[in-house]
Every structure is written in structure tokens, then in C-alpha cells.
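A short reminder: the numbers here are calculations on the coordinates, not readings from a lab. None of the values given here were measured: they were computed from a predicted structure. Note that each Cβ is placed from the backbone with ideal geometry, even for glycine, and that neighbours are counted across all protein chains shown.
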Amino acid sequence: MRTAFCSAMVELAAEERYFFLTGDLGFMALEPLREVLGDRFVNAGVAEQNMVSVAAGMARVGSKAWVYSIAPFCYARPFEQIRNDLCLNRLAVRLVGNGGGYAYGSMGATHHALEDYGVLLALPGMRAYIPAFDADVRATVRAVSGRTLPSYLRLGRTELEDELAVPSYAPWRRLQDGEAGVLIAVGPPAGGLWRALHERPVSDRPALWVVSELDETSFAPPLELLEAVSRAAKLVLVEEHVAQGSFGQRFLHFLALGGRRTPNLVHAHARGYPSGRYGSQSWHRHECGLDVPAILASL
Amino acid sequence: MRSSEECEELPRLARRARRRLIKMHYESRIGHLGGNLSALDVLICLHHAVMSPEDHFILSKGHAAGALYVALWSRGLISEEELGTFHADGTRLAGHPVPGWSASIPVATGSLGHGLPVALGMALARKLNGEEGHVYCLTSDGEWQEGSMWEALIFWRHRQLRNVTVLVDLNGLQGFGSTREVASMEDLGRRIEGFGAEVVHVDGHDHRAITEAVREHPGAVVMLHTVKGKGVSFMENRMEWHYLPLSAEQYAVALRELESL
């Protein structure tokens, strides 16, 4: 999604003035943006705490600021700067974390982002954006740009080779009909599941939904989805994020507070490093039961 | 910038503010007086004789909030009534500055090591936007044990920002010891200088010296040689006054001493 993100930011730069700060990352991806922005493209160096606070200062004097890094360096290293300088001050800095979940694979655990949106959504005003497809990125960038409070954009990798059938971006989308329960995925895993399920007859597959925006205060699943969940024999929730602070916990909390029925539940989520060994993103997914075959087997 | 004649007024304004600060902390039974008294003179200088309306001030040493509130009160920017709510339930005058209610308090501070990088962001945006205005940032000396200060210093020097001035309240005492004992920080000015910053040393209680240094050295780090607890004999250079509140007897003595200044 980095290429799509860069293109969207280049397009945005033609329409509005903003600062883009990177923690010395973006090689072979963000050069076109650097070219377009000139001195408004700020390589803040390997100093993420400073970078986030500098962005806060820019926002405080009325400028728009984006902050980019590998996901954990974007939200974990400068967490107090996000909490104090952005969220307490209600400053609309846009954080962009590349490589959500296990996306950095065998680069190792320090480069994974397994608790990013759970941690950030505990902060006041924060909204997390998790686009599922390359085709979502432009609309997501527009949505993030339009916010007046802090945002976190988690970039991953699309899991569809052909995105022609992808419905227009929306925070909640139904990707396909189905009669065998409801499956809701957060961001990119929806693509792989869609590929695996779409050849099945409607009677033999779950309704597939993807959610791409999570918010502390306005968590509002569409009525159509809630009705489907209320009728479903099984609900499967899929996300590359640990259970604590997850979408799954939020969704179940929402159902419980509304007095809604909870179907038979499967929550497929990241489980860290159970074997103490490391590998590709797909290897880690497999180890956690987050890969497509494991999810299909759970239906 | 204001006229140098106004500098003549600064000692009187500082004496009045010092008395009000002690009263405010006594009535609310709140400590942190030592670092407020060391910082008060520079706050009076900045807000009365240095800053223009388009300038910003950030109190990176947020635990000197009382001194900031009193300085703003002395400018008429905080009312006497509001000052009376310091630390009380429902107040806007918390022990560390909170955001969203005063243009004179651009951001919440209190956790050390945040104010300087925020100030740099304000200054960089203004510079690249072609906007006027200077940013002043007051830090403590112990605060320079935070890694983010050095991240910020590297960034500042690399960006060559002249529209930021940093003031360091060099009172030599921190929460649980002296800066010398805790982290061998007595040589802070030279360390900062080693990063390429211009460093100026002044007596942090000499209003004319502070004002002239800040006016004549925009973009510098001004090391304010101060006394923790300045103005109250039993507090001066005593670490415990980083935290302790005043008893009634101590308040009476402190007030007498300040009246005689």
C-alpha cells in the first residue's frame, strides 16, 4: 500500500499545504512525495519522540502535519508524545504506521505491530484507519486529512490481485452475501478470505464484511450487519492484532451493551510468538490460526 | 519588543508576583515552590518585557505552573478570582498546565522533555510558512536527562531555527538530589554547546541581564543561573522545597521576608 499511499499524498499535495515528517523511512517508496513537497518534506531522523512533538507544534500553529514510520516506531516509541502532545491537546496530527500486524515478517518481533490500534484507541479523540485494499488508500487519505482530531493510519498489503470488484471505500463494507454465518475481518485479511470464499455457493459461505475504521466514541456497525449477526448461527471475527484492545472485544462489548444476542463465536487474532520462532507474515498467521485455511476450517 | 524603560519596572513586578505566588501555594497547600521561585523572574521578564503578541511561550518545566499563572496574572491575563482556584476542584489552574483555555498556554505540559520539541515544530512551521513570531521555551535543568531533549537539540541545530529561544532554569536541584549527584549535569551548558548551539549565561534573577540576553541572542540557549526557592531564606537551595507545602508559621516568615525585599 506504500505506493498507493505515496500517490494519494502526491495528489493531496496539489490541493492543500501540509508537512510530511518521516523517521528516516520511505526509501524506494516516498521519493515522489519528497520531490513534490520540497522543504515541507521533513526527514526528522531516527528520533520518533521528537518527530511526533514537532508535528504537534506544527499543528498548534495551524499547519497540517503527517508523521510516517514503520508502525511500531510510529505508535509505541513515542506513545507519551501521542498521548500528551496530540491527544490531550486535541491536535489533528496524522500518524501513518507502515506494516500493520506481522507485515514485516521475518524482520522480527520489534518490527511487528500487534497491539497498535488497541493501544491508540484508548486515547481521547483517536481514530484508527485500516484500509483493506490498495483501492481504499486514496479515500482513506482523504478521510484522514479531513479529520480535526488525531488519527492513525495502519498500512498493510492488499491481498487481492485484482481489485476491480472492490466496493467503494466505507468504514464498514459487505464484500459478499452468505447464509452460513457472518465473518468480519479488519483490513487486509478480508481480501484473502474473499478470494477463498467467493466460489462457494451462497448457502455454504458466510456473509463477509470488512471494517476499516475504529473509533473510541463513534463505533457504529451498520444495522444490516447487526441484523445479520442476530440471525447468524456463527460469528467469526478476524484481525491481525492481539485480543486485548482488539476489534473483537469492541464488537462484543457493543453487542453486550445493546442487549444483542451473540452467536457462536470464533475470534481469530494475533497471539504473539507461541513457538518462539519467526518467519514470514503468512508463517506467523498460520501459527496463530489466522491463515485462510484455519479460518475456513472454523466456519 | 517593549522599551528598555519598562525593564525598570521588572523588579517591582517580580516582588509582587513572588508574594502572590507564595500566597497562592500556601492557600492551596501545594508544594513545588522551589522550582517556581527559581523560574519566576524569567517568566516576568518574558511576559512583560520581551514577548510580542505573535510570540508563543511554552513552559516545558510544567511543574512551575504556579509561577506561569502568577506571571499571566501580573499581565492581567488571569483574573484574581481565577488565581484563587489554583489546584481546587473544578479549576483550570492545575498543578501542571492543562490545554484548551488560554492562548498563553499553547499546550499541556508536565511530563518533562515535551516542550522543546513542540516549540521547534511551531517554529519550523512558522519559518516555512513565512510567518512572524518567536517561540520561547523554558526548561528545567534536570529535564535535560530526558532523551527527547537531545533528540530535539539535534533537530534544532540541523534545521538552524533562529526563531526559537530556550531558557534553562539552572537551579541545580531536582526531585531527589542535586543535578550533580544524580547525573553529573553541572556542565550542562558546555554539553549543549557541543551540539553547536549558542549558549549564553546570565544571573537568572537579574531582570535586566535576562531581558538583554534574550533580546540580543535570539536562537540561543540562555542558561539562567538561579536559586531554587529564591527569595525565601529557608527555601533557598534546599531540595525538599521541590515538593513541600508551607505551614502557617513558614508562610508568615516567607511573607515577611518577601515584604522586606
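Charged side chains reduced to their Cβ positions (Lys and Arg at +1, Asp and Glu at -1) give chain A a dipole of some 620 debye around its Cα centre. The alpha carbons of region A:204-246 give a radius of gyration and a Dmax of 11.9, 35 Å, in that order.
Between A:Gly45, A:Gly181, A:Gly191, the Gaussian network model of chain A with springs among Cα atoms under 10 angstrom shows the greatest mean-square fluctuation at A:Gly45.
Residues whose amide H lies under 5 Å from that of A:Phe19, counting only those 5 or more places away or on a different chain, are A:Lys64, A:Ala65, A:Trp66; hydrogens are built 1.01 Å from N in the peptide plane. Couplings 3J(HN,Hα) of region B:222-233, computed from phi: 9, 8, 8, 7, 10, 10, 5, x, 3, x, 10, 4 Hz, in residue order, whole Hz [Karplus 6.51 cos²θ - 1.76 cosθ + 1.60, θ = phi - 60°; x for Gly and Pro]. Taken one residue at a time, the phi angles of region B:203-210 give Karplus couplings (6.51, -1.76, 1.60, θ = phi - 60°) of 5, x, 10, 9, 4, 5, 5, 4 Hz. Gly and Pro are set to x.
Using Cβ point charges alone (K and R +1, D and E -1), the dipole size of region B:4-259 about the Cα centre works out to roughly 200 debye.
A simple spin-label model places pseudo-atoms 7 Å from Cα toward Cβ; at B:Asp89 and B:Asn237 they are separated by 4.4 nm.
Shape of region A:58-154 from the C-alpha gyration tensor: oblate (a/c of 1.5 or more and a/b not above b/c, with a ≥ b ≥ c the square roots of its eigenvalues).
For the protein assembly as shown, a crude dipole built from +1 on the beta carbon of Lys and Arg and -1 on the beta carbon of Asp and Glu, taken about the Cα centre, is about 660 debye to the nearest 20. The overall shape of region B:60-101 is oblate: from the C-alpha gyration tensor, with semi-axes ordered a ≥ b ≥ c, the ratio a/c is 1.5 or greater and a/b is no larger than b/c. Which of rounded, prolate, oblate describes region B:58-187, given a ≥ b ≥ c as roots of the alpha-carbon gyration tensor eigenvalues and a/c under 1.5 marking rounded, otherwise prolate only if a/b is larger than b/c? Oblate, since a/c reaches 1.5 and b/c is not below a/b. When the convex hull of its Cα atoms is viewed from all sides, region A:160-204 shows a mean projected area of 3.3 nm². Across chain A, Cα-Cα pairs farther apart than 23 Å form 54% of the total. Think of the protein assembly as shown as a dipole: +1 on every Lys or Arg Cβ, -1 on every Asp or Glu Cβ, centred on the Cα centre; then among A:His253, A:Gly146, B:Asn237, A:His253 lies furthest on the positive end. Listed by chain and number, the lysines whose C-alpha is less than 28 Å from the C-alpha of B:Lys230, apart from same-chain residues fewer than 8 away, are B:Lys23, B:Lys61. For the residues A:Ala56, A:Ala71, A:Ala135, a GNM of chain A with alpha-carbon springs under 10 Å puts the largest fluctuation on A:Ala135. Take the convex hull of the alpha carbons in the protein assembly as shown; its mean projected area over all directions comes to 28.2 nm². Residue by residue along B:98-107, Cβ atoms of other protein chains within 10 Å of the local Cβ number 3 on average. For the pair region A:90-142 / region A:252-299, the C-alpha centres are spaced 19 Å from each other.
Under 5 Å from the amide H of A:Glu213 lie the amide H atoms of A:Ile130, each residue being 5 or more positions distant or on a separate chain, with H modelled from the backbone and absent for Pro and chain starts.
GNM on chain B, alpha-carbon springs under 10 angstrom: the most fluctuating residue among B:Ala152, B:Ala125, B:Ala71 is B:Ala125. If R₀ is 25 angstrom, what is the calculated FRET efficiency for the pair A:Arg271 and A:Phe219, using the beta carbon separation as r and rounding to 0.05? For A:Arg271 and A:Phe219, the calculated efficiency is 0.55. Across the options A:Phe27, A:Ala233, A:Leu175, the greatest Cα extent toward the positive end of the charge dipole of chain A (unit charges at beta carbon of Lys, Arg, Asp, Glu) belongs to A:Ala233. With each label modelled as a point 7 angstrom along the Cα→C-beta vector, the B:His201-A:Ala233 pair spans 8.3 nm.
Here r is the Cβ-Cβ distance between A:Arg90 and B:Leu255 and R0 is 51 Å; the resulting FRET efficiency, rounded to 0.05, is 0.80. According to the Cα-based calculation, Rg over Rh for region B:1-106 is 0.94, with Rh computed by the Kirkwood formula.
Pair-distance distribution of chain B: all C-alpha pairs, bin width 10 Å, starting at 0; shares per bin in whole percent are 7, 33, 38, 19, 3, 0.
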